[in-house]
């Protein structure tokens with residue numbers, strides 16, 4: 001892909017910010033989806049650009065903070081980011097849609113659950129486990145500190161996967177404080193709603209950034225796009241199809257390395 005002139009101009013403009021925050025979703029943005037999420041890896045071109053943006057001593061890294069903002073648990077995000085070759089000592093990792101944070105020095109902000117949240121989460125896990133066990137082959141349940149997620153990407157029959165997802169959404173009924181988070185081929189039941197927009201606001205304040213660049217592909221990234229301030233120099237890029245609040249979009253994940261390379265080069 002050759003970037004459209006309007007997007008190229010917008011990337012060059014945000015690159016001129018004195019202090020820039022670069023926020024990036026992981027799955028579906030930096031890394032192709034994998035039936036086994038533990039096997040997902042960021043595309044090499046994206047890794048190279050991020051190393052330039054976040055690497056010690058590079059011109060692009062001056063005044064630049066880079067954060068991965070993911071729905072994965074912090075533990076899972078740290079593992080796949082490291083295995084992808086990303087510089088963990090230069091990145092902020094934000095997991096669970098903004099509820100968990102690991103700073104570049106390795107320090108982690110812990111998550112504390114109330115007794116009511118623990119009880120509701122245990123029941124949510126049990127309900128999804130029962131659905132997966134009785135459902136079609138390929139369905140499985142992942143656990144995070146604050147949520148449980150039914151995955152259907154490996155279910156070969158699309159109709160069966162959709163029906164299972166509908167049942168998983170209904171599994172939240174009667175569980176106090178449990179919400180359903182949207183996603184692609186996943187249904188997540190959480191006892192505390194994360195918000196990528198709020199996560200960006202925290203990072204913006206901490207790093208005292210002048211502008212924010214954010215790229216993402218999923219429904220949960222829309223809160224991040226909605227939190228951007230295009231009139232003040234922020235830039236959002238949506239990856240793939242679907243309605244979005246981002247100013248620009250690229251067709252797919254294969255185009256993301258070019259966008260990031262342009263940003264790093266202009267930076």
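Tally the residues that are within 16 Å of residue 244 (Cβ to Cβ), in a loop (DSSP other than H, G, I, E, B) and over 11 Å from the mean Cα position of the chain (by Cα), restricting the search to the stretch 192-228.
Within the stretch 192-228, residues that are within 16 Å of residue 244 (Cβ to Cβ), in a loop (DSSP other than H, G, I, E, B) and over 11 Å from the mean Cα position of the chain (by Cα) number 1.
Report yes if some residue within the stretch 179-196 is surrounded by 24 or more Cβ atoms within 10 Å (Cβ to Cβ), in contact with a helix residue (DSSP H, G or I) (Cβ under 7 Å, 6 or more places away or on another chain) and within 22 Å of residue 50 (Cβ to Cβ); otherwise report no.
yes
Each row is one residue, and each column tells you yes or no for (1) touching a residue at least 60 places away in the same chain (Cβ under 8 Å); (2) assigned to a helix (DSSP H, G or I); (3) surrounded by 13 or more Cβ atoms within 10 Å (Cβ to Cβ).
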position: 47; (1), (2), (3): no, yes, yes
position: 52; (1), (2), (3): yes, yes, yes
position: 59; (1), (2), (3): yes, no, no
position: 79; (1), (2), (3): no, yes, yes
position: 86; (1), (2), (3): no, no, yes
position: 112; (1), (2), (3): no, no, no
position: 121; (1), (2), (3): yes, yes, yes
position: 125; (1), (2), (3): no, yes, yes
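If only one of 65, 6, 81, 38 is at pLDDT 95 or above and more than 23 Å from residue 206 (Cα to Cα), which one is it?
Unique residue meeting the criteria: 6.
Restricting attention to the stretch 5-43, report how many residues are farther than 30 Å from residue 141 by Cβ and part of a helix (DSSP H, G or I). Write out each step before concluding.
Pass one, the stretch 5-43, residues farther than 30 Å from residue 141 by Cβ: 5-22.
Then drop every residue that is not part of a helix (DSSP H, G or I), which leaves 5-15.
Within the stretch 5-43, residues that are farther than 30 Å from residue 141 by Cβ and part of a helix (DSSP H, G or I) number 11.
Residue 200 passes all but one of (1) out of contact with any helix residue (DSSP H, G or I) (no Cβ under 8 Å at 6 or more places or on another chain); (2) modelled with pLDDT of 95 or more; which number fails?
The number of the failed condition is (1).
Inside the stretch 223-244, can you point out the residues that are surrounded by fewer than 21 Cβ atoms within 10 Å (Cβ to Cβ) and more than 21 Å from residue 42 (Cα to Cα)?
Step one: filter the stretch 223-244 for residues surrounded by fewer than 21 Cβ atoms within 10 Å (Cβ to Cβ), giving 223, 226, 229-233, 240-244.
Passing the criteria: 223, 226, 229, 230, 231, 232, 233, 242, 243, 244.
Just to be sure I understand, how many residues within the stretch 151-168 are surrounded by 16 or more Cβ atoms within 10 Å (Cβ to Cβ) and in contact with a strand residue (DSSP E or B) (Cβ under 8 Å, 6 or more places away or on another chain)?
Qualifying residue count for the region: 6.
Among the residues of the stretch 17-43 satisfying the criterion of being farther than 16 Å from residue 91 by Cβ and more than 18 Å from the chain's Cα centre (by Cα), which is surrounded by the fewest Cβ atoms within 10 Å (Cβ to Cβ)?
18
Can you name the condition, by its number, that residue 11 falls short on among (1) closer than 25 Å to residue 201 by Cα; (2) at pLDDT below 95; (3) touching a strand residue (DSSP E or B) at 6+ places or on another chain (Cβ under 8 Å)?
(2)
The values are calculated or read from the model by the stated rules, or taken from the named source; none is laboratory data. Computed from a predicted model, the values in this text were never measured in an experiment. Positions of Cβ are generated from backbone atoms using ideal geometry, with glycine treated the same way; all protein chains shown enter the neighbour counts.
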